[in-house]
Amino acid sequence: QPVFQGGRFPNVVVTMKGTVLATWGRPHIRAKRSEDGGRTWGDDITIAKSGIHGGGTTVDETTGDILAFVEEKHPPAELSVYRSKDDGKTWRAGPVTILADSKANMPSMHMNEHGITLRHGQHKGRLLRPSRQYGKGNRPASLFPTHYTNAIYSDDGGKTWRTSNPFPENGTGEACVAELSDGRVYYNSRRHWAPEGKSPLRRWTAWSDDGGATWKDVSICEVLPDGPQDTSYGCMGGLVRLPIKGKDILIYSNCDSPKGRHHGTVWASFDGGKTWPVKRLVFEGAHAYSSITAGRPGTVTEGLILHHFEGGPKGGSAMATFNLAWVM
């Protein structure tokens, strides 16, 4: 069903109370809430009157606060972090400190999948969201090989953020993360440049054993497409781990098209991203950037998968709601 009109850049999260919160942004940053599992939606809520949505909307599962990231213009640009303490109804910008990466470069937020709260191991409670570095600039395309993706993480509820080591491959950006049941973090990234010159074009993946501070075992996932297969430009995709104890079931979303951004599709992995044996078409028409999340156990959203994407039957953005049985 349609959610927003005009603008771009979707994210979707489920709050601790089970409210589905869709965020969207440009030229002003908005949110919509659904308290009935995505069946009906409230009015637009203004997060920021101007700027560009940086993605990475994050629910702090320790406090219940929700964080939204807004950059003043197309990044690199000044960043504001907005916080909601009332389940997404109102928002206020607050001071944050973000530290540079190991190359002394500051991260940009735009445009990434939602963030997560780590639930396992010594970093339990850590906030983690993907970010990126624009290298020598966003344009021309010849500068894409200087880009690299990364992540930022906070152990104090979002007041101070450290930046991870760079992803091991350049030409990357617009990524997504998921924590596995053993505490490892799975990283899946768009590619803005194809160093091997091969097509069709697929996603970069890597893993972290230290809560998202460093990345290793980088490889290309030959199954998952990175947007239309006639270009190395890629497309933002969505990722979520389903909250099923002891199981590492991941759902990934992107367009599955030879050319043009359409045929929005989801893929399922049952081994933490090693293989992706199942896929299902969600929407045959326009489908560009996407975000995907899972319902929260013990709330009205339990068992649901929510897929917020650019496009849909009326343009703007749309939300598709389904479950794992439908995917399979």
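Read-outs throughout are calculated quantities, based only on the coordinates presented, and are distinct from any laboratory measurement. This one's a predicted model, so the numbers in the text were calculated from it and none came from an experiment. No Cβ is skipped: glycine too gets one built from the backbone with ideal geometry, and neighbour counts run over all protein chains shown.
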Problem - Radius, Kirkwood style, for the range 122-212 when every pair of distinct Cα atoms is counted (Å) - result: 13.9 Å
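Convex hull over the Cα atoms of the range 202-268, averaged projected area in nm²? Mind dumping the intermediate values first?
On the way: hull surface 21.5 nm².
Seen from a random direction, the Cα hull of the range 202-268 projects 5.4 nm² on average.
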Problem - Cα convex hull of the chain, projected area averaged across orientations, nm² - result: 14.4 nm²
Practice task
Only Cα pairs under 8 Å and at least 6 apart count here; give the relative contact order of the chain as a rounded whole percent.
Solution key: 15 percent
Practice task
Among the listed pairs LYS32/LYS89; LYS73/LYS103; LYS124/LYS245; LYS103/LYS136; LYS216/LYS274; LYS103/LYS274, give every one whose C-alpha distance is greater than 18 Å.
Solution key: LYS73/LYS103; LYS103/LYS274
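Taking Rh as the Kirkwood radius, which is the inverse of the mean 1/r over Cα pairs, what is the Rg/Rh value for the range 52-142? Could the numbers behind the result be given before it?
Working: Rg = 14.2 Å, Rh = 14.2 Å.
We get a ratio of 1.00 for the range 52-142.
Using the Cα centre as the reference, give the magnitude of the dipole from point charges on the C-beta atoms of the range 107-170 (Lys, Arg: +1; Asp, Glu: -1; all else neutral), rounded to the nearest 20 debye. Provide the component values of the computation, followed by the final result.
On the way: 9 positive and 4 negative charges, 18 e Å.
Using Cβ point charges on Lys, Arg, Asp and Glu, the range 107-170 gives about 80 debye.
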Completion exercise
Quick calc: nm separation of the 7 Å Cα→Cβ label points for THR275 and GLN5 -> 4.7 nm
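How much length is gained if the chain between ARG139 and ASP43 is pulled fully straight, taking 0.36 nm per residue apart and subtracting their Cα-Cα distance, in nm to one decimal?
Details: separation 96, 0.36 × 96 = 34.56 nm, distance 3.65 nm.
Once the chain is fully extended between ARG139 and ASP43, it gains 30.9 nm.
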Practice task
Just check the range 193-239 against the gyration tensor rule for me: Cα atoms, a ≥ b ≥ c as the square roots of the eigenvalues, rounded for a/c under 1.5, and otherwise prolate or oblate depending on whether a/b exceeds b/c.
Solution key: prolate
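Between LYS89 and HIS120, what is the FRET efficiency for a Förster distance of 35 Å, r being their Cβ-Cβ separation, to the nearest 0.05?
Values: r = 31 Å, r/R0 = 0.87.
Computed FRET efficiency for LYS89 and HIS120 comes out at 0.70.
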Exercise for the section: For the range 124-264, build the charge dipole from Cβ charges (+1 Lys, Arg; -1 Asp, Glu) around the Cα centre, then report which of PRO200, GLN133, SER219 sits farthest towards its positive end. Expected result: GLN133
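Suppose every K and R has +1 on its Cβ and every D and E has -1 on its Cβ; what is the size of the dipole of the range 1-75 about the Cα centre, in Debye to the nearest 20?
It works out to roughly 300 debye.
Just need the relative contact order of the range 239-315 here, percent rounded to a whole number, with Cα pairs under 8 Å and 6+ apart.
On the way: 173 pairs, mean separation 19.8, N = 77.
Rounded, it is 26 percent for the range 239-315.
Evaluate 2.2 N^0.38 Å with N set to the residue count of the range 217-328, then give the Cα radius of gyration divided by it.
Working: Rg = 13.8 Å, N = 112, 2.2 N^0.38 = 13.2 Å.
Scaled against compact globular proteins, the figure is 1.05.
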Problem - Rh by Kirkwood over Cα pairs, then Stokes-Einstein D for the range 1-75 at 0.692 mPa s and 37 °C, µm²/s - result: 261 µm²/s
Handout entry: Additional length obtainable on full extension of the chain from MET328 to LYS103, 0.36 nm per residue less Cα span
Key = 76.7 nm
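In debye to the nearest 20, how big a dipole does the range 272-328 give about its Cα centre with +1 on each Lys and Arg Cβ and -1 on each Asp and Glu Cβ?
Numbers: 5 positive and 3 negative charges, 29 e Å.
Computed charge dipole of the range 272-328: roughly 140 debye.
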Fill in the blank from the handout: With DSSP loop assignment and no more than 11 other C-beta atoms within 10 Å, the GluC sites (Glu not before Pro) in the range 143-245 are GLU196
